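Here is the structure we will look at, set down as structure tokens.
The values are calculated or read from the model by the stated rules, or taken from the named source; none is laboratory data. Small disclaimer: the values here were computed from a predicted structure and weren't measured. Every residue, glycine as well, gets a Cβ built from its backbone with ideal geometry; the counts of neighbours run over all protein chains shown. Just the protein is used for accessible areas: all its heavy atoms, side chains included, with ligands, DNA and RNA removed. Shrake-Rupley method; radii C 1.70, N 1.55, O 1.52, S 1.80 Å.
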There are 2 protein chains.
Amino acid sequence: MAIPRAARTQRRTRIQGEKEEQILEAALDVFSVSGFRGSTIDQIAEVAGMSKPNLLYYFRTKEAMHRALIDRVLFTWLEPLRAFDAEGNPESEIRSYIRRKLEMARDFPRESRLFANEVLQGAPHIEDELKGPLKQLVDEKAEVIRAWARAGKIAKCDPYHLIFSIWSTTQHYADFDVQVRAVLGQGQAGEGRFEDAARFLEQLFIDGLTIRPSQPTS
Amino acid sequence: MAIPRAARTQRRTRIQGEKEEQILEAALDVFSVSGFRGSTIDQIAEVAGMSKPNLLYYFRTKEAMHRALIDRVLFTWLEPLRAFDAEGNPESEIRSYIRRKLEMARDFPRESRLFANEVLQGAPHIEDELKGPLKQLVDEKAEVIRAWARAGKIAKCDPYHLIFSIWSTTQHYADFDVQVRAVLGQGQAGEGRFEDAARFLEQLFIDGLTIRPSQPTS
DNA sequence: TGTAATGTTTACCAATCGGTCAAATTATCT
DNA sequence: AGATAATTTGACCGATTGGTAAACATTACA
């Protein structure tokens, strides 16, 4: 008889690692498109290429699968913000933060959509992570930005809304990909759109945050 | 016996108007949170305070309800962009576009989330609207912006990505409301957060788009 | 008021949902 | 090889899903 799954933390077989990986990969496919409520275990099982009871052998419930997925992805997702360096040059830090976030939107759109779906639907499963670790990290980095502004290195601005605007503009290209493609048109959109976006956003944020010698009267 | 619903377009009773309104209101509540797949007719029926078969008397299918909702909301949603005036002053046009979009995020968050859910999930029901009317409108306004840049009224920039960035930053406050609240904290967040956002975004976009006399070397 | 059209509800359906169970199969270790 | 533990699956369960049928109630209008 199989060992109860709760006790499985002791030894991990080769198969366990492989299959759990395979399942989470499939779950990411499904959850990122349909959200938690809209996704079914059967869908995930089909994508994963295994039977439903087999999935439930590795993850007892649909919620456990979603949970494991979120936990694994959340850490990586905050990496760019964590790399934000207080000692660095403000302009290049902001510039490379935008680049990194945009690269993640390009290379890991499913992960972005997974969070977007979750937050959009009221974040019923990750409220604690948002109010805890996320808030803490943002608070910390906001203080860095505020210090830069106080030191006259960048224009005075609300650091929280600055972070929000970088999040939203970059993730937009993952979360609203269909819309972006539709508006740009299939033709010229190609793959240059991330390069174009990077150029635009860097210009916007750098010029928007540089202290300007004189305020032109319009 | 009831008239087949297909033929109901002829005469509309008082009750039809009221009930359809009531249903769409409830549907907005539910669809905007759970998306199409994640929402159930029973949920909507409960919110609407009527029985499930009664809903299905007015809208034959769940899809028809969603469809009607999207159609009604889409027009209003694009109003601010439509108001974008080629003859106006660039700075004040952009400023008031941001304001308008931010007001909509504040006053109609459900509508924003309805679209966000739909687009996020691949826009299976509104692909035509995106590629048709939406693209057309954006193309038109992008040309206005490009003309402003050519005339030296604003800095040169990709007009499409400018529009995308205004969309994403403003709608962020509706779509990711939970996250924004979590990060800002319940205490000081209050209701001033839309005012703060407006201030920040206006500064960002206006300063980011103003032509600067000299590029400071950092 | 009567009656035909409109509106509402109860009971129900087949399909799908998340999840269980026990039996069958495979991997691991001696 | 054989025993034991780990893995996989088909059959199944009760609850929920989108949707229907038909009886019942209400409204509008002559």
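Quick notes
- In the distance distribution for the range B:75-118, Cα-Cα pairs more than 16 Å apart total 39 percent.
- Taking every protein chain into account, the 1.4 Å probe leaves residue B:71 with about 70 Å² of accessible area, to the nearest ten.
- Only protein heavy atoms count here; on that basis, with a 1.4 Å probe, residue A:52 has an accessible area of about 80 Å².
- Sorted largest first, extent of the range B:38-111 alpha carbons per principal axis (Å): 53, 20, 19
- Compactness of the range B:6-73 - radius of gyration and Dmax, Cα, Å: 11.3, 34
- In the context of the full set of protein chains, residues of the range B:78-209 present 38 Å² of accessible surface per residue (probe radius 1.4 Å, heavy atoms only).
- Chain B: angle of helix B:62-77 to the longest principal axis, Cα-based, in degrees nearest 10: 30 degrees
- Which of A:92, A:32 is most accessible, then next, and so on - probe 1.4 Å: A:92, A:32
- Chain A, Cα convex hull volume normalised per residue, Å³: 170 Å³
- Of B:50, B:65, the order by accessible heavy-atom surface (1.4 Å probe, DNA, RNA and ligands excluded), from most exposed downward, is B:50, B:65.
- Residues of the range A:94-117 with amide N under 13 Å of the 7 Å Cα→Cβ point at residue A:72: A:111
- Probe 1.4 Å, all protein chains present, accessible-area order of B:115, A:108, largest first: A:108, B:115
- A quarter of the convex hull surface defined by the alpha-carbon atoms of the range B:11-134 gives 9.3 nm² as the mean projection.
- Protein accessible surface hidden between A and B, which excludes ligands and nucleic acids, total in Å², probe 1.4 Å: 5500 Å²
- Counted charge near residue B:182, where neighbours are those whose Cβ lies closer than 11 Å (Asp, Glu -1; Lys, Arg +1): -1
- When the surface is traced with a 1.4 Å probe over the full set of protein chains, residue A:58 keeps roughly 30 Å² accessible.
- For the protein assembly as shown, the spread of Cα positions along the three principal axes, ordered from largest to smallest, is 71, 70, 47 Å.
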